[in-house]
Each structure stands twice: as structure tokens, then as C-alpha cells.
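Some notes on the structure that comes next.
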Amino acid sequence: MDEVVPPQISAELTQILSNLVLGDNDIRANAEKAVNERLAHTPELYLLALSQFAITADTEVMRSFSLVLLRRLLFRPAPIAPPQPQQPPAAASARSTLYDHLSHQTLATLERLLLFSLSHETSNTVRRKTVDTICDIANQGMHRGRPWHALQAQAFSMTHATVAERGELAAGLRESAYRIFAGCPNLVMDLQIDAVLGVFQRGLQDPENIEVRHAALLASVAFLSAADPTQLAQSISLLSPMLDTLPSLANSLSQPPLGSNSNSASAPKSSNYHYLSTFLSALTPLTTSHPILFAPHLQTLLTFLPSLILPPVDCGPTPTVGRPFPAASRGGGGGSAFVFPPPGGGGESIQDEDAAAAEDDEEKDERSTMRLSALEFMISLSEARPNMVRKVPGWVEVMVRACLEGMGELDEDEGAGPGLEAWLNEDPSSNSSSAEMEAPPALYEHSLDRLACAMGGRSVLPPAFQYIPSMMASYDWRVRHAGLMAIAAIGEGTGKVTFRARLVGFFTGADRLPFIGHAKRAPKDCRARYANVQRLASARAEIIQKRFHEQLFAVLIPALEDPEPRVHAHAASALINFCEAVERETLLPYLDPIVERLLRLLNPNGDGQNTKRYVQEQAITTLAMVADASEATFAKHYPTIMPLLLNVLRNADGPGFGKLRVKAMECAGLIAIAVGPEVFRPDAKTLIELLMHIQQNPVDAQDTHLAHYLMATWAKVCQAMGVEFEPYLPVVMPTLLASASAKADLSLYDNVDDDDDIPEREGWETIVMNGRTFGVKTSTMEEKCQAFETLVIYCSTLGPRFAPFLGQTLEVTLPCLKFYFHEGVREACAMLIPMLLACGKQSNTLTNAMVAAVFTQLINCINTEQDSTFLASLYKYFSESMRVLGGPSALPQQFHEGVMEATKRQLHSIADRRKARANRISSAASSNAGVGDWDRDEMVLLEEMEDFALEDMGKMIAEFDPNHPLLVAISGVRDLGFNTYDSDEDGDEEG
């Protein structure tokens, strides 16, 4: 292909790109600077040179790198060149990306170069980079009103590529064409449906290469996901050939993939286990977006999916074409096929055995991935349409069995030896346990939880309890562990009437299941004892805790003395569930033995040196919850526990003790509230001095919890001391007001078309406001919200004694009623306003200017608020604020008129939204397109929120005049709701 840029430009760019991939930071930084300078002055020339380099570079690495770099450069904000003498500075650019600066001629040349690369590139890896770049440019161009007709024509032509015409490239070209349709489905949306379906079906049935079928499946899913209701109705027939790709793979798992006999670069390198996993993963998003498409095919799916998700019967190694006579696994007693000469003791046979073992391990991993992919497909479909799959006999049953089987497939090594030792020594509160959570048994457990949530207890419990009783009686600790964890997973997933009824059977009747006693101390039993605690932790239904608390505590309390730290720490954690749910009178008989054992965990030998830190942290947390639940009765244990906590706060200031210290702060605050000011008063000054010392010390940048817990503990101390806390307000308020005044830490994302374009940043979340996408740092927002919630506590507890900070707090609070980046901040501010008015009125510090500022801001917010939930809060706290002043008669007339005008505006807005929804449903019904369940759920939720707002609106107006004409208008707007939603529940509700 002829060069489109001068040779010297190509040579210079080649050197720059070579420097960019070097490991030397200085050289790479200079190369990046050179790229930015060239793009700022002559972007078209260097972008074309980069495109040409993607064709002419000698190595695959450099061709791939140039394509990746081209994608990044085209759609990043354009660098601004220094203005020319005749050009004003502001005229450098009014557009945002390099792509927007390119002329039509340059764009046409760029597109021509990429199409040439697509059709002539011999490397699959590089061609996929070309496809990614082409899809980006095509999507961005269409977004800007520039269709790429040449790409459409070439992609369709490539789907017909044959070996006779293009040789070994043929399969790769067909695959690339379908990947383009998958990455840019808009290319086919304006074409005849029959023609599109024919092209996709041909790819799904490609006779030569499995990669082509996979790419065609991705394209088909993308097309159906992007289709409008009319196109979708005309394309339903496409699902049959899409699903037909699965049985053929499922029936040939031990065979080489289609096209693997070829020696070409496009020949598949993976097994059919891998391809079946990728095919299922490609289909799974469609189960969520369009589950109804699968309804006619459920019975067919059920003919082969069970064999994929259930563990295979082990009949020994599987023969393959590559290994027609595989050796038996190591340590097994089986022999292998006759070979001559017989294997000796040389290194060659050992190497062959190692290679065979590695191949067996790889196949085992691929089979495990395939099972989980098939299960994910079934569960996603069940979550999207539970009623649809519930009607298919055997669908739920096979998933339950698969989950139970998978949960029992822990490695034998985890029950003894190094595996068990690692599990016992692991800190369950740290991130180190994430590997355990990502292991297949944990994924099966999570799947069972999801299935229970989706299908309900009446569907999941009967098949589950066909297996669980026998699992509980198994001699294999892994099977007992799976049975116990399954009960916990189902309990956490449902928590409904049916599960409560089944829980009763745990303690009575034929279903009674044994508790794993703590007399067994065999190494493997500690995992089962841990699972037993987890099973009991899930039994949170009130009926169980009322009727069978003796049996539950009879196991959990002794579990606090289990010799293994992970077990007794988990038992302490499980006790929190009961402390949060049971009545105080139920807990009191068990208070002494619980506290006694928790103190032993906290300080086993009087020095606290021989216990794990995570156990101490959990013991302190559980003590706090026990104190909160037992209230004043906890006072008898106060003299023992509070000195221990104060000692922790004095001494736990070294590295690694941050979490223990903040847990001790939280516990001390909760205990202070529980025992009351009379008991707490002697230690109040000591605790406050320790908190002041912690607050004044330099903050460790690695300690992300301290500020949150310190603020929360100050609030608890205030609640415990009541008005006696007033002298310490000058200590806490400056920091608190600073946190409440914090600005949002924002990043603006330009040119974002979908969520995939947004960079993932830990500790940030994305919001869309006024059509623009922002990244918001969540820690700053959470701290700001907590600050306002703490101000609510101070103001409500201290009343008129909070008056010295009334003006500053109002000044911070009123603007934050419009803090749209965090709903919690706005809710706390609205709640705080009537409390501040009451504080000012009781202390005689409330001024007319304060009243005017408050009601002016409230009315402005009511006038413009679009969130119905917060609108209800605004009306509620407007009414409370008005009552603080003495009712409507105490409110100046200007605010009477203002709030009524704002209310009329809101009524018009709500009425318009309800009419639009009704019209949407009516239009969908007339066109037989239907409204999706998700859309209907969303509309019902919006209507419910509007009803709350209308209710609070009516209460406010009735305070002005019980016969006000707007009350009739509110009733009329409420009647506009469609209210025709039928729940998809199975009658398994709480109650």
C-alpha cells in the first residue's frame, strides 16, 4: 500500500514508538512528551503515520501497540497548541477530542488504512486490535452523525471469505467481521432483518472454525440486545441457531475444537471445555436483558444443561486425540495402555508423567470453569424470570443439586495438614480470605444464595432437603460442611415464611438436624464446627429466636470456647445477629455466660498477648452489641469491661492496632449509652481525654477508619452524658463543621457514551447530573453525611445548649439542601432544620433573618426538587419547622404564597410524569410490544415515591386550611397513577 505520510515522519514516529515501549522511565517520558507536542501541532499527519505504522511495522508487538495507542489518542481531550500570533488564545479549539479536529479527507484516509489492515493482517492478535480500534471509530463516528458505509460493506463481504479466495486468512476474516458486528451493532440496524439474520445464522453454523461461531454468537447477542421491540419481534428465530451452538459443543467435549487440525495461525488453541464456557458466558447477558426469548427453549436447554453443571462420574482419564491412551492419575492403582519399550526409571518418563498430570489439571480447571459458566447462565435466567423457569419441571431441582455438589468439592488438603493450618492462621477480616471466597465451593454457595433469593423458599427448600439430611450425616467432613453452609445460604437468601417453617424442623419433628457438638476435636471437624456456627447464624427468624433460643444459645455459647480462633471468633460474630433481633428479656438469662466468655477472648491470660488480634476485635464488637441489646442491665459488667477498653485506647497506638483501637472506641461509646450517665460519669472525663488525645495526634494516612469512628464515638458520648456534654462542644464542633462544609471531590468525564468508557477507580462512584457524568469520591461524601447526622444528635440531645453554634450550623446546613451528590446529606440537613429552629427559639437566639433564610431555602428547594422521595422529606420538615414557630399563623404571609405556588408547580410536574407513563403503557399495549418487567417495576417504584410526596404535601396544606382547593388537586393527581402492577412473587412473603 502506498505511503500516505513522508518517510521522515514515519522514521521519526518509529523511533518515538520504540522509546515508548522501553522500560527506562526517562526515555519513555520524553517519548510521551514528543507525542503530545506532535499532536498539538500537526495531529492529522502523526495520526495517519500511526495508522500506517500499524500496517508496515515489522513486529506484531509494534503493530498491536500502534493500534492501541491510536484508540487512546483519537478520543482523548485534544492538546492545545500555542496560539499563533494572528490567532486569539481562545480560538485554539472549541471541540474536545482529536477525532473532532480531523478533516473529512484525513478521516477517510484513516478509515481506508484501517480497512486495509483488517483485510490483510496475518496475525490474529493484531487483527483483533484492529477490530477494537475500528469499532471505537465506527461508534464514535455514528454518534457524531458520520456513518461508515465502507466498513459495513467490507464486513459483510468478509463473512463470505473462503479458503479458495483468501487461503489461511479466510477463517480469521470471517471471525473479524462478526467481531465488528458485535462491537458495533448499529452497522446492521438499518438493514433488512432477513439479510442480517441470514448472515448471523451462517456464522453460527460455520463448518470450519469454532472462533467464527463464537464471534457470530457475540454479534447475535449484541444485535438482539440493541434491537428495538419491532426488530426483536422479527428476530426471535435467531435464538434457535444461537442455542444450537451449545449441544454440539456439549456432545464433543473430549474432541478437538473445530478447526484445530489446521496448522494456520487462526487454528484454535483451546479445548471445547473452554469454548463451551465462552459460549455460555456470551449468552448470559441476554438472559438478563431479554429473558422471555428463552421461554420456548427451556425444555430443550434442560436436556443437556444438567450434564454440564453436575460433577462428572469419575471413570478415569478421558481419551483424547492427542492422548488416546492417557495414563492413570498419580497414586492410582490403574494401569495404562501397553507400550514398548516399557517405561524405565529415566528422567524422560518422569517428564512425560509430569506433562500428563499438568494436562489433567488443566482439563480439570477448564471443566470447573465450564460448570460454573453453565450454572451462571441458568441462575441469571432464573433471577430475571423466576415465574417462567418455575414452571419447567426439574429446572430448579438440578440447580439446587449442582450447588450442593459443588459446595462439597473442597480440597481434601483443606481438612488437614498445610491447607488446614493456613485456613486456621488466616485472618478472616482481612483481604487475604478473598481467594477463599473466589474458590469454586464459595461460588457454588453464593449461587445457592442467589437461587433462594430469586425463586423463594417454596421452590428451593424441597429439593434442597432431599439431600441436606444425608449430607449432615456423612462421614466426609467436606460433605457435612457443605450441608451446614447450604442451610446458612438458603436462610440468608430467603428469610421467609417457608424457611421459618423449615427451621422449626431443625429443632423438632422428623426434619430435626443434629448440631455438630464441640466434643469432637479432630482437625477436620473444625471446618464443620465453623459451618455449624454459620448455619445457626442464618437462623435469624423471630419465631426461631423466640421458641428455640435455648437450643441456639446452648450451642453458640460453648462455641465461644472452641480451641480454634476462627471458630470462636465466628461464634462471637454470630451472636451479634441474636443481640440485634431478640427481645431484651430473652437475652438477659444468657448475659453473664456470654460476657464471661467474651472477656476471656479479649484478655485470655490477663495480658492479652496470647490471642489473635482479629479475635480481640470481634470480641469487642460483640460486647458492644450485647451491651446495646441488654441496656441498663449491662451495668453489672461495666466495672470489668470499661477499664479494659480504656487501657486499649491508651496503649493500642502502634502500627497494626488501628482497627482494635477504633473498635474499642465504638464499644466504649455504646456501653456508655447502655448503662446511662450515672454509671458512666466517673469514667467520662478519662474517655473524653483519651478521645481528645487521639484527635489531636497526627493522622496516619493509612488509617482510613479513625475519622469515622472518632466522630461516631463523640456522638455516643454526647448521647450518654446528655446536657453535661455542653462544655466539650468547642472541642468537637470545629472539626465537625469542617467535615460538614467539605466540597465534593469531583472528576468530570467527557465524551462518555456508556459505562464501559468510565475508568474504574477504587473509592469513587459515578453519577449523572444535568446530562454530564461525574466521578465522586465516596469517602468524602460519607464523612460529610456522617457530620450532618452527628449534628442532628448534638442538636437533639443538647437542645437550647447548642445555641452558641446555631448560626454557624445553619450557615452550613441550608446550602446543602441542594447537595445533589449525596442523598443522605440532604436528608440529614432537612431533618436538622426544625431542630435548629427549636434550639434557637428555646434559647431566645432565633432571629427573623434566620427564619427568613430557612423558609426561603425550603420553598426554593420545594419549587425545583425532582426527586419525589426528598420532596416528601421537604414537605415533612417544612411542616415541622412551621409548627416550631407556632403554626401557619406565625409564618409571614410571603411564605404562605411562596409554598403554595411551589406546590402548584410540583402538582403539574407530577401529573405530567404520570400521564407520560400511562401513555407509554398504552402505546406499548397497542403495538403489542409490551413493557418489560424491569420498566414496570421502575414505574411502580416512582409512583409509590410520588404518593409519599403527595401525602406529605396534603398534610402540609391541611395545616394551612383543611378545605384548601389544592387538596382536591392532590387527590386528582393521585388518581392519575396506573396502579396495575402484578407482583412476580410466589406467595412466599414475610409475615
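The values are calculated or read from the model by the stated rules, or taken from the named source; none is laboratory data. As the structure is a prediction and not an experimental result, all values here were calculated from the model. Neighbour counts are summed over all protein chains in view; Cβ atoms, including those assigned to glycine, are modelled from backbone coordinates with ideal geometry. Each accessible area value is taken on the protein alone, full model and side chains, heavy atoms only, with ligands, DNA and RNA left out. Shrake-Rupley method; radii C 1.70, N 1.55, O 1.52, S 1.80 Å.
Assorted remarks:
- Scanning region 659-680 for residues that are among the small types (G, A, S) and without any contact (Cβ under 8 Å) to a residue 12 or more places away in the chain yields no hits at all.
- All positions within region 16-35 that are closer than 12 Å to L69 by Cβ and part of a helix (DSSP H, G or I): I16, L17, L20, A31, E32, V35
- Per-region count, region 365-398, residues farther than 20 Å from D449 by Cβ and among the hydrophobic types (A, V, I, L, M, F, W, C): 3
- E414 meets each of the listed conditions (1) modelled with pLDDT under 70; (2) more than 29 Å from Q616 (Cα to Cα) apart from (2).
- Flag for R917 being farther than 23 Å from V968 by Cβ and assigned to a helix (DSSP H, G or I): no
- One residue stands out in region 650-675 among those that are out of contact with any Phe, Trp or Tyr (no Cβ under 9 Å at 6 or more places or on another chain) and at pLDDT 90 or above: the one that is most open to solvent (accessible area, probe 1.4 Å), namely L670.
- Filter result for A265 (open to solvent by 10 Å² or more (accessible area, probe 1.4 Å) and modelled with pLDDT of 90 or more): no
- Test: residue in region 2-24 that is more than 25 Å from H120 (Cβ to Cβ), modelled with pLDDT under 85, open to solvent by 30 Å² or more (accessible area, probe 1.4 Å) and aliphatic (A, V, I, L, M): yes
- Hits in region 702-739 - residues which are under 19 Å from L660 (Cβ atoms) and either open to solvent by 80 Å² or more (accessible area, probe 1.4 Å) or among the β-branched types (V, I, T) (or both): Q702, T704, H705, H708, T713
Conditions (1) over 21 Å from E946 (Cβ atoms); (2) in contact with an Asp or Glu (Cβ under 8 Å, 6 or more places away or on another chain); (3) open to solvent by 10 Å² or more (accessible area, probe 1.4 Å), marked per residue:
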| site | (1), (2), (3) |
| --- | --- |
| G840 | yes, no, no |
| L846 | yes, no, yes |
| A849 | yes, no, yes |
| Q857 | yes, no, yes |
| N863 | no, yes, yes |
| Y877 | no, no, yes |
| L885 | yes, no, yes |
| A890 | yes, no, yes |
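- Selected residue (criterion: modelled with the highest pLDDT) from residues of region 232-249 that are closer than 18 Å to E366 by Cα and surrounded by fewer than 18 Cβ atoms within 10 Å (Cβ to Cβ): P247
- Any chance P639 is modelled with pLDDT of 90 or more and either within 30 Å of the chain's Cα centre (by Cα) or open to solvent by 10 Å² or more (accessible area, probe 1.4 Å) (or both): yes
- Residue check for L169: modelled with pLDDT under 90, open to solvent by less than 40 Å² (accessible area, probe 1.4 Å) and not assigned by the TED database to the domain that holds E3: yes
- Residue match in region 56-67 (condition: over 18 Å from I137 (Cβ atoms), open to solvent by 80 Å² or more (accessible area, probe 1.4 Å), assigned by the TED database to the domain that holds R127 and not in a helix (DSSP H, G or I)): yes
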